[in-house]
1. Taking Arg244 and the conditions (1) part of a helix (DSSP H, G or I); (2) among the charged types (D, E, K, R); (3) at pLDDT below 95, which numbered condition does it fall short on, given that it satisfies the others?
2. Residue check, Ala265 against (1) of a type in the set (Gly, Ala, Ser); (2) surrounded by fewer than 24 Cβ atoms within 10 Å (Cβ to Cβ); (3) under 14 Å from Ile73 (Cα atoms), all met but one. Which one?
3. Can you pull out every residue in the stretch 65-83 that is assigned to a helix (DSSP H, G or I), of a type outside the set (Lys, Arg) and open to solvent by 10 Å² or more (accessible area, probe 1.4 Å)?
4. Which one of Asp293, Asp279 is out of contact with any Asp or Glu (no Cβ under 6 Å at 6 or more places or on another chain), within 26 Å of Gln346 (Cα to Cα), among the acidic types (Asp, Glu) and open to solvent by less than 30 Å² (accessible area, probe 1.4 Å)?
5. Considering the stretch 448-492 alone, what residues qualify as being touching a helix residue (DSSP H, G or I) at 6+ places or on another chain (Cβ under 7 Å) and over 23 Å from Asp503 (Cβ atoms)?
6. Output yes when any residue across the stretch 190-203 is under 22 Å from Arg157 (Cα atoms) and either surrounded by fewer than 19 Cβ atoms within 10 Å (Cβ to Cβ) or of a type in the set (Phe, Trp, Tyr) (or both), and no when none is.
7. Restricting to the stretch 2-24, name every residue that is in a loop (DSSP other than H, G, I, E, B) and either at positive phi or surrounded by 13 or more Cβ atoms within 10 Å (Cβ to Cβ) (or both).
8. Output the residues belonging to the stretch 71-106 that are within 30 Å of Arg273 (Cβ to Cβ), of a type in the set (A, V, I, L, M) and more than 21 Å from the chain's Cα centre (by Cα).
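The values are calculated or read from the model by the stated rules, or taken from the named source; none is laboratory data. Quantities reported herein were computed from a predicted structural model and do not represent experimental measurements. Ideal geometry is used to build each Cβ from the backbone, glycine not excepted, and the neighbour counts take in all protein chains shown. Heads up: the accessible areas ignore ligands, DNA and RNA and are worked out on the full protein's heavy atoms, side chains in. Shrake-Rupley method; radii C 1.70, N 1.55, O 1.52, S 1.80 Å.
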Amino acid sequence: MTLHVYARYQLLDTALPPQDAALLLEGSWPAHARSKLHHSLDEQIDGRFDWIDQRAVELGELLGRTEPANKEISFAYLDALRLRYYLIKLLRPVAYFTEVRPLGRGEHVELTAAAGERDYADLLGSICLKAGACYRVRWVRGRRNCRSTPPANRLWRRLAGRLAGLPRPPADRSGSPRVVLCGNPRLLDPVCRELLRRGCNLSWLYDRFAVRSWLQWQATGVRQLVCDSSLGRENRLPLPLAGRLECRGIELTLPVQRWLNQRVALCATAHTRLVEQIDRHFRRVCPDALVLDQDATPLARAAVAVARRHGIRSLVVQHGAPCCRFGFAPPVADRILVWGRSSQEQLLRWSVPPERIRITGAVGQERLSGGRVITRGLSRFSRRGLSRFSRRENGTVPLAIPLAIPPGCQHPQPPRILLLTTVPPRDERPDAVSLHLTGRSYAEMLRMAFETVAGIDGAELIVKLHPRTRADLVVRSLAAEFSALRTLIVAGGDFRQWLGRVDCVLSCGSSAGVEAALAGAAVIQLAPRGANDFLPHDEWGMLGTARRDCELQRLLAGVLVEGLPAPPPCPDAFAHLGSSPDARIADEVLAAAVPKPEYCKGTVPFSLRENRDSPQVV
């Protein structure tokens, strides 16, 4: 019997008989094509295989390491985050064919793939060669989704950045510490304000000119350092060479090297300009410290690497809940300033050295924890006179029947529930295995929320999309399916404006849910089936975690029927509750800011190799 392997379902040109064994490498089988013999990596590889995340980090670090002798910056170092996700894509088939379904000697395997999926062909060839299986590739026509490209860096923005960067009389802060900030203003604006109050010379580092930031800070003398990576024309980064890479005896070198070559051809010129412009800015500004909101993206990693060359210490202010290691570990900055002991312990589990971690509290926590105004005073009625949760007629799947508010209730308004979504996953770029956030598990998680809330009589559902999501097709589809449920879909804006208007918050494993819990909300965390306990609810002030309908119904019944109050803020999640952490963060920054008044005058520009020849994509 032949095992049919498909890169994705769209490449299936004929109906596959249910008795034929088949595997999808990306995505899941649609309902009409599911069978006990039809498997997909999205369903088979879940949190039990979280070693994949760790191995992806290790291989990425091996590729991205730099030589201390010449202090070169590796392309793989700058593109580390994308590289880690690509390695997950390769390691999932390795895990499946070594742990879930090992191939037998002489077994026949046929891969169906399109021209742009040669990485799968090379990988399965290595797997079959090691197992002694017979292997055949069937090439078919098929288009992949177009690569997302950043919005155009328009001429007016570039000109505005140049005008804003013209020399002007400096503020009278001679001898004051010089600090560069790089990251999301929502997180770093309070830090900027506190450092400015202490008389520091401040600059913001951006790839493109940020109009709002300039309007906010230009009157205070805070300058903006712009890189304009889209203007890069030459690649002078060292060409990445993968060397020998393997996992469990499976060769990964060829697909990884091809991917690196493709990425170099696509964005090495932009990365080169990032490094050179940051070096130019730092030699001109001579900063004493660098403050970031993360150190995983190319701009941030380039800034940290250039800062280290100039003897500038870098500090990362924790940007969100530590659900996945990829945005946090291993760090390249010198320090990471975390919210509390829960974040510290998570980073220690991810092998971050303890001497690089400082507990300061979370930016804005005093505004959230000080109010505790979350519940709107509705639906706190007794269990008497209300319909209870019951079961379907077949007695297997719990289902909430309509909850009727009894006559004469003091607060007759119907329950209102806020659903905080996350970024929808993409089949072509698998997410961290520990989260098990796939297209199918994401849809099932949201369906669970819609179906449960729809079973509550008169309930309203407010769906707040993730800030990086303007439209969510899964949410729209479910809203159309559950048309009887009053649903409001909100894109943009601050989710906190809704907290005082709802009775309960459903959070899809996001930092927003943790912030809502800190504000006093009754928060129920939704997690995909098969995911690890990435945010233990008892450590983060949430009521519980629901992976199944019955769990969500039980937790919602506790809030809406029994009046279960929200847990108090967890001191382990947020240190120094009730006080502002901005001063403590500023203390850490100033302690790291070692004055270097003359260093930049004797420092030559950052030298990069000149790679005039584009790499050959094999």
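1. (1)
2. Condition not satisfied by Ala265: (3).
3. Selection gives Tyr77, Leu81.
4. Result of the check over Asp293, Asp279: Asp293.
5. Listed by number, the list holds a single entry, Val474.
6. No, the conditions are met nowhere in the stretch 190-203.
7. Answer for the stretch 2-24, where residues must be in a loop (DSSP other than H, G, I, E, B) and either at positive phi or surrounded by 13 or more Cβ atoms within 10 Å (Cβ to Cβ) (or both): Ala7, Arg8, Leu12, Leu16, Asp20, Ala21.
8. If the condition is that a residue be within 30 Å of Arg273 (Cβ to Cβ), of a type in the set (A, V, I, L, M) and more than 21 Å from the chain's Cα centre (by Cα), then Ile73 is the only one that fits.
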